[in-house]
Amino acid sequence: MNSPSFAASPSTEASSSLASQPAIRDTVQWLERAVIGLNLCPFAKGVHAKGQIHYAVSQAQDAQQLLADLRGELLALAGLAAAVRDTTLLVVPTPLLADFLDFNDFLGEAEDLLEELELDGVLQIASFHPQFQFAGTRAEDVTNCTNRSPYPTLHLLREESIDRAVEVFPEAETIYERNIEVLEQLGLPGWEALHVGPSCAAATAAAAVPDVSTTATGSKA
């Protein structure tokens, strides 16, 4: 079994124990307790168990630096075999994208970068955020928790891996509906009891969820 890999972005000082950083610890805990624990993504358990998830932390203070970090991670993922690195979670614990609307704006730049690198159709970018809010919902709607993570996170996925997963799980289109049922049964108190929020004080403050229902661009899958 492979071990999960960890990387500091160019805007992060090298660390001999990146896995011990709060952003990584919190992200792994969220993955294990929420994503896998609640089976929000049936495909996550396998790549986690095989150590095929790569965790990267960007300490970028501006969008250009984050785009540079994202570029590096996209190219690195595309250049490796899926058996070595199937997917990447790029975590951004800085205040740069703490606001969900700023995060949404950046996603457009991220998609443009994907096309610039001619990786559109090869890789795709999914998004998670502490304040994630689907259009038409209120901030306290527990269904938003399907896409809430401890920190702003860009999930880099291989299109071919998604296709394989759908072949194995032909009812993939029912995942969202099932997740809604699970979360509605769990409720916000149950979600909070999972303790999958950020442990960094600054990030904890940023995770306070304002209601942006009239302007959020998140869309239900």
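Selection within the range 202-221: residues that are part of a loop (DSSP other than H, G, I, E, B), within 25 Å of Leu123 (Cα to Cα) and small (Gly, Ala, Ser). The member of this set that is modelled with the highest pLDDT is Ala216. When the range 17-53 is filtered for residues that are out of contact with any Leu (no Cβ under 7 Å at 6 or more places or on another chain), surrounded by 18 or more Cβ atoms within 10 Å (Cβ to Cβ) and not hydrophobic (A, V, I, L, M, F, W, C), the ones remaining, listed by number, are Gln21, Asp26, Gln52. Taking the criterion of being among the aliphatic types (A, V, I, L, M), assigned to a helix (DSSP H, G or I) and surrounded by 13 or more Cβ atoms within 10 Å (Cβ to Cβ), the residues of the range 144-187 that qualify are Ile162, Ala165, Val166, Ala172, Ile175, Ile180, Val182, Leu183, Leu186. For the criterion of being over 19 Å from Pro198 (Cβ atoms) and out of contact with any Cys (no Cβ under 6 Å at 6 or more places or on another chain), Thr94 fails. Scanning the range 188-201 for residues that are surrounded by 12 or more Cβ atoms within 10 Å (Cβ to Cβ), assigned to a helix (DSSP H, G or I) and of a type in the set (A, V, I, L, M, F, W, C) gives Leu188, Trp191. Looking at the range 101-124, is at least one residue of a type in the set (Val, Ile, Thr) and over 22 Å from Asn39 (Cβ atoms)? Within the range 101-124 (the criterion being of a type in the set (Val, Ile, Thr) and over 22 Å from Asn39 (Cβ atoms)), the answer is yes, since at least one residue qualifies. Out of all the residues in the range 55-80, which are touching a Pro at 6+ places or on another chain (Cβ under 7 Å) and either crowded, with 21+ Cβ neighbours inside 10 Å or at positive phi (or both)? Those that are touching a Pro at 6+ places or on another chain (Cβ under 7 Å) and either crowded, with 21+ Cβ neighbours inside 10 Å or at positive phi (or both): Tyr55, Val57, Asp69.
The values are calculated or read from the model by the stated rules, or taken from the named source; none is laboratory data. All figures in this text were calculated on a predicted structure; none of them were measured in a lab. Neighbour counts are summed over all protein chains in view; Cβ atoms, including those assigned to glycine, are modelled from backbone coordinates with ideal geometry.
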